[in-house]
Amino acid sequence: MTSISPPRGESFTLSKLINDTRYRSYTFQFIALVLLIALFAYLGSNLAQNLRDAGLNISYGFLSEPAGYDINQRLIEYDSQSTHLRASIVGVLNTLLVAFLGCILATVIGVVVGVLRLSQNWLIRKLMSVYVEIFRNVPVLIWILIIMAVFTAVLPQPRDFRGDDAEASMLWDAFAFTGRGFYFPKPVFETGSTIVVLTFLASIIGIFVYRSYARKQLFQKGRLLPVFWPSVGLFFVPAVLMFFIAGRPISMEYPSLQGFNFQGGIYARNSFISLWFALSIYTAAFIAENVRAGILAVSKGQTEAAASLGLRPNRIMNLVILPQALRIIIPPLISQYLNLTKNSSLAIAVGYMDITGTLGGITLNQTGRAIETVLLLMLFYLAISLAISAVMNVYNNAVKLKER
Amino acid sequence: MSKSDIAFVRREMLPEKAPPATAAGPIKWVRDNLFPGPINTVMTLLAIYFIYQIVSGAMPWFLNGVWTTSSLAECREVLQGATGGCFSVLTERWNQLLFGFQYPSEQYWRPTLAFVLLFVAVAPVLFVALPRKLLIFTGLYPFIAFWLIWGGTLLVPLVALIGLIVGYVVFLRFETKGFATAALTGVVAVVLVWWLGGFVSAAASETLALTPVPSRDMGGFMLNMILGTVCVSLSLPFGILLALGRQSDMPIIKWICVIFIEFIRGVPLITLLFVANVVLAYFLPPGSNFDLILRVIIMITMFASAYIAEVIRGGLAALPRGQYEAADSLGLDYAQSMRLIILPQALKISIPGIVNVSVGLFKDTTLVSVISMFDLVGMIRGPILAATEWNGVYWELWGFAVVLFFVVCYGISQYSQWLERQLQRDHR
């Protein structure tokens, strides 16, 4: 906006505050600020008055008091004598667990479905679009509850596994899918297992180093090194070798039926499994659309240009199509991850003890400290959102087309 | 080469032959689209098997369905162990699923009528080809629907309507003095009329009165529809204001909008519903008693406005800079240039996004069941599945909920795709 210097000798009048564009924005901002402060003052005085009437105060002391309730699904030590703070941390970890696993499963399903939606197979294409439309157009809460009901009602109960001619049987004697939850084998780390784990981690780093080396060779010397099979080999061979050299220090603890229930192994509760599964297949429907849009957005000319250069189909995909498609796919993908994390707060509907279930559920009800708990809850989710958008910004800057 | 060497010369064209059966028609289609290679053949066979499994499981369940009994036990008796759905729960409890369990049953015609009128009201907004006069009804609809659903005297919505009309007339009267002055006077006039009208409607509370139904009696799918429509329509103007505020040159206004939008978008809706349920009461004047449904509407509207603001901001940013400059060079002030040049184009670009947000919001209205309101999901989880007669009828009830939501949401998204094709102005 060009500013014109005021004609000399013109005096300032009050009406200029609203009619003169030079001053008007200050007037508006001042009014907005005053209104905002007035609003907050009004809400604050109401709050103070209400708290005084109810004989309450704002205090976070309850966090260090014993919680007095039990949490059945937990990643760290916790019992009913632990504090509310520890209960909240258990909840936070549970939220992060289901969100993390959900993102992985949703990405896998979403990418497969998104690619299959572009398949030349008519039946598969239609089947996938039916899946996407059904899941996108029905609330996730309904899916969570349906899958919970299906798991509870349809899968066999642990007692069905008993007897010689049992109605249900375990998969490879290692996995049991029951109406109460899933049982998996649990790895037991004995002495000497550290070196196997370290070898495994080192070989994963080795894969990345090798890949970047191969890339450098390709770009600088034009030498194309094989990448896929060496990566697979690096992934398995050193760890397996070390496993046998160290005398098989890692063993599996299998779940086994004892009395009316399974003992041993890892027990994933029904609520966790159904929440994880429902969030994954719901979000996967959205991710599939993003993937499809991303692949379609790379123009056909790119494929044809690459083909006319003599590239083979999988090289065309790896070197030409995917790098361009990923630039389009990843930002919405990350915001789907964010949505999944926020939707994981629906855990409260199936009784999975995430942060909404512990801090926003039982702690709130027991202590009655609504303002404090809800505020903490919001801050937690806000922190996750901001962290994820920070990651997204870094990524966007990294892949931004370098323009002159 | 002499003529006699040639044994036969064809003088007329042969009629065209049909292509071989494998190169045209359904066989070619099946070959190309179902069995183009070994992998695809396997996938097709797997898909056929999968579809067969679903159909063979669902068909007897659906066809043998029992529609007339009054409890699950009777259903099982009728079925005698055969597969079959117990759809009697739908025929017996349809009213609860649709209207909640407290809405007086002799008044069901009122929300039903409001629902039918909703289509009439929305039609001119959705389809430009319809006569523009219908928009008058759209303007009147909120007041009619309020009166129909909540009941009470007609004077309350009438006073609200008159207040808005008076405000608009005052606004037009003062428009020449500048947008801000006119808007401010208009608001004062509206508040004045409402305040005066409040006495009138309180005094004559029996005029043209329907049986009043309190908010806490709303439930079932009706509650989802109410929350969805009210919050989407309220969040549009707020969303536009927030988007404009975020684009503004004034730093204070810009930062207020940015913080509001980012805060709301960063937290899950369920925490905002907790706020509506247990926290909001602390911030209201002592002794005031807000409806839970009203508090929920406030919070969901805030939630939706933030998302819609971001969509509209995308539309504003997508407009070429020249449009803003052209508006400035015509000498239009900010309000005029926004109203006449920028917003019509920006809103058109953002329609698909707005529809997406609306569908998402409508789906999210089911979350109110978590704070123990009895919407469709709340009704199924609470009173119906807990009742001894219907304990265990999962598939039928959830299938019903899925169908209801799918029909509405799929319909809206199909409309948005149709509209996108209609609005396409480039490379036809």
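For chain B, set up a GNM with springs between Cα atoms under 10 Å and report which of B:SER358, B:SER248, B:SER235 has the largest fluctuation.
Looking only at B:SER358, B:SER248, B:SER235, the largest GNM fluctuation is found for B:SER248.
Just the accessible area per residue of segment A:186-253, please: how many Å² with a 1.4 Å probe?
Per-residue value: 74 Å².
Return a whole-number percent for the relative contact order of chain A, with Cα pairs under 8 Å and 6 or more residues apart as the contact set.
21 percent
Starting at 0 and stepping by 10 Å, how many percent of the alpha carbon pairs of segment A:197-320 end up in each bin?
Reading upward from the zero bin: 10, 19, 23, 28, 15, 6, 1.
With the Cα gyration tensor of the protein assembly as shown giving a ≥ b ≥ c as the square roots of its eigenvalues, does the rule (a/c under 1.5 for rounded; else a/b larger than b/c for prolate; else oblate) give rounded, prolate or oblate?
Rounded is the answer for the protein assembly as shown, as its axis ratio a/c remains below 1.5.
Given a 1.4 Å probe and every protein chain left where it sits, what share in percent of the accessible area of segment A:186-253 is carbon and sulfur?
73 percent
For segment B:339-417, what is the accessible area per residue in Å², given a 1.4 Å probe and the full set of protein chains?
37 Å²
Whole Å is fine, so just give me how far the alpha carbon centre of segment A:105-153 lies from that of segment A:263-320.
13 Å
Going by average Cβ density within 10 Å per residue, which order do the peptides B:210-217, B:25-32 take, highest to lowest?
The peptides rank, most packed first, as B:210-217, B:25-32.
Quick one: net charge around A:LEU96, please, counting Lys, Arg +1 and Asp, Glu -1 for every other residue with C-beta under 15 Å from its C-beta.
After counting each charged neighbour, the total is +1.
What aspartates and glutamates could a cross-link reach from B:LYS348, if we take a straight Cα to Cα line under 17 Å and drop same-chain neighbours fewer than 8 places away?
Straight-distance partners of B:LYS348: B:GLU310, B:GLU420, B:ASP426.
Compute the separation of the alpha-carbon centres of segment B:217-232 and segment A:17-71 and state it in Å as a whole number.
30 Å
Where does the charge balance sit around B:MET373 when Lys and Arg score +1, Asp and Glu -1, over other residues with C-beta under 12 Å from its C-beta?
Summing Lys/Arg as +1 and Asp/Glu as -1 gives 0.
Solvent-accessible area of B:GLU420, probe 1.4 Å, all protein chains present, reported in Å² to the nearest ten, please.
90 Å²
Summed for both chains, how many Å² of accessible area, to the nearest 100, are buried between A and B with a 1.4 Å probe?
5000 Å²
Compute the Kirkwood hydrodynamic radius of segment A:29-78, taking the inverse of the mean of 1/r over all pairs of distinct Cα atoms, and give it in Å to one decimal.
14.8 Å
If each DSSP helix of 4+ residues adds -39,500 (n - 2.57) and the sum is divided by the residues in chain B, what number results at 222 nm, nearest 500 deg cm²/dmol?
Counting only the DSSP helices, I get -22000 deg cm²/dmol.
Identify which of B:VAL230, B:VAL128, B:VAL368 has the largest mean-square fluctuation in a Gaussian network model of chain B, with springs joining Cα atoms closer than 10 Å.
Fluctuation is largest for B:VAL128.
Counting each DSSP H run of 4 or more residues in chain A as -39500 (n - 2.57), what helix-only mean residue ellipticity at 222 nm follows after dividing by all residues, to the nearest 500 deg cm²/dmol?
-20500 deg cm²/dmol
At a threshold of 8 angstrom on Cα-Cα distance, excluding pairs fewer than six apart, so keeping six or more, what relative contact order does chain B reach in percent?
16 percent
Running Debye on segment A:186-253 with equal point scatterers at the Cα sites and no solvent, what base-10 log of I(q)/I(0) appears at q = 0.18, 0.23 Å⁻¹?
For the requested q values the scattering log ratios are -0.69, -0.91.
Could you state the number of Å between the C-alpha centres of segment A:183-215 and segment B:292-324?
Taking the Cα centre of segment A:183-215 as reference, the centre of segment B:292-324 is 47 Å away.
The values are calculated or read from the model by the stated rules, or taken from the named source; none is laboratory data. Please read these numbers as outputs of a predicted model, since none were measured by experiment. No Cβ is skipped: glycine too gets one built from the backbone with ideal geometry, and neighbour counts run over all protein chains shown. Quick note on the areas: whole protein, heavy atoms, side chains included, nothing else; ligands and nucleic acids left out. Shrake-Rupley method; radii C 1.70, N 1.55, O 1.52, S 1.80 Å.
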